[in-house]
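Asker: Here's a structure for you.
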Amino acid sequence: MTEQILIVEDDYAMSSGIRDVLEMNGYRVQMAENGVEGLKMLELFRPDLIISDIMMPEMDGFEFLEQVRRQSRWAAVPFIFLTAKGQRPDIRAGKQLGADEYLVKSVDLEDLLVFVRAKLDRALTIQQQSRREMDDLKRNLLNMLSHEFRTPLTYITGYVDLIQEGEWSAEDLQKFLGRIKGGSNRLNRLVEDFLLLVRFETDDARQSYLMDKGPFNNWASLVARVFDRLHETATARQVTLLREIEANLPLVEAHEGYLENAVMRLVDNGIKFAKHTGGHVWVKVAADGERVRCAVQDDGMGIPAAEVGKMFDRFHQVNRQRIEQQGAGIGLAIVKNIADLHHGETGCTSTEGAGSEFVVALPVV
């Protein structure tokens, strides 16, 4: 398939010269005289690469690039500035707006061909990688749908059928209803997790973060709420929840709801993998240089060294075949997304047979 290039340049001699060279090398080329015409051309012609001047009438190259990058359908198209404005501030301004390359008009046309080919090859590599990642995502989603969603649904329908098919004592009915509730709770958690993951994928979560973020240092209250919500789960597994929160912690900029969600997921994860009887989960919050570090430790089975670096990957679970785990393997991925929103970091250290520590560290305001 012939690759397509859009040239936006008010100097006809310059643009036609570039067009001739590109067409001789097998590219299909369209031209526009300024940014306004360039935007109109984009509605009719989907380029694989854009070459644009900066100094143009009606709409200059900087504004044209800004308009291009605002549209998701054009956002990934490689963009080369070809201009007489070669001063460092101009180059910096173009890079900040998302230009992929910045060339002065004295560039040799053979060198321009090399830049064009390199940018097109790079864009193709990114597209292929994105397709592979999307295929992996689809495969993982299908696996989750076939197992994680089907299991609680089967549980619910099975007990409903039992209730409908026979006469049961009040005690039996109460037991069946409890198991139906357990299945529905599991299904509800899965749906909520997937919806939250979609919010991160579609940028909704970032918009919410920007609207609701603010200065925060009330970690004691946040951890108390998390412990209250997970008290029943911890008690059922005979796990003790402990906290060590440093006094007078510096402020961080946070979306408190998202931050609480991240801590809750880490504590819930610790409860799952702490010792089944007499286990412990610690939440430790302390200042660490220019960051506030929230660490969640357990004294459970630990994680094999080869798996530690993958713990925040989507759909990743350790020894899924050997250890029954309820969940889709996206809880820690959501924690990482939340940390990234806050310009923070995540980390994991573990010793097999001794336990693990998961960390979210946020920059101080």
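Asker: Per residue, what accessible area does the stretch 163-246 have, given a 1.4 Å probe and all protein chains present, in Å²?
Answerer: Accessible surface, normalised per residue, equals 67 Å².
Asker: I'd like the distance separating the alpha-carbon centroids of the stretch 332-365 and the stretch 104-122, in whole Å.
Answerer: Result: 42 Å between the Cα centres.
Asker: Given 65, 195, 295, which one lies farthest toward the positive end of the charge dipole of the chain, if we put +1 on the Cβ of every Lys and Arg and -1 on the Cβ of every Asp and Glu?
Answerer: Checking the options against the dipole of the chain, the answer is 295.
Asker: Still on this structure, please answer the following. At 1.4 Å probe size, with the rest of the protein present, what percent of the exposed accessible area of the chain is carbon and sulfur atoms? Write down the numbers at each step before the final one.
Answerer: Details: 10090 of 20000 Å².
That fraction is 50 percent.
Asker: Over all directions, the average projected area of the alpha-carbon convex hull for the chain comes to how many nm²?
Answerer: Numbers: hull surface 101.6 nm².
Quarter of the Cα hull surface area: 25.4 nm².
Asker: While we're here: Roughly how far apart, in whole Å, are the Cα centres of the stretch 10-89 and the stretch 211-280?
Answerer: The two parts, judged by their Cα centres, are 51 Å apart.
Asker: How big is the equivalent ellipsoid of the stretch 177-334 along its three axes, where each semi-axis is √(5λ) from the Cα gyration tensor, reported in whole Å from largest to smallest? Display every interim value, and only then the final one.
Answerer: Working: eigenvalues 125, 87, 57 Å².
Equivalent ellipsoid semi-axes, largest first: 25, 21, 17 Å.
Asker: Using 32 Å as the Cα-Cα cut-off, could you pick out the over-long pairs in 138/272; 213/310; 119/213; 213/275? Could the numbers behind the result be given before it?
Answerer: Working: 138/272 27 Å; 213/310 29 Å; 119/213 38 Å; 213/275 36 Å.
Beyond 32 Å: 119/213; 213/275.
Asker: Could I ask something else about it? When only DSSP loop residues count, what trypsin sites (Lys or Arg not before Pro) in the stretch 98-141 have their Cβ near at most 16 other Cβ atoms within 10 Å?
Answerer: Numbers: sites: 105, 117, 119, 122, 131, 132, 138, 139; in loops: 105.
Answer in residue order: 105.
Asker: Which value, in Å² rounded to 10, gives the accessible area of residue 16 with a 1.4 Å probe and all protein chains present?
Answerer: 20
The values are calculated or read from the model by the stated rules, or taken from the named source; none is laboratory data. Just so you know, these numbers come straight off a predicted model, no measurement behind them. For neighbour counting, all protein chains shown are included, and Cβ atoms are generated from backbone atoms with ideal geometry for every residue, glycine included. The protein model used for the area step is the full one, side chains on, heavy atoms only, and it has no ligands, DNA or RNA in it. Shrake-Rupley method; radii C 1.70, N 1.55, O 1.52, S 1.80 Å.
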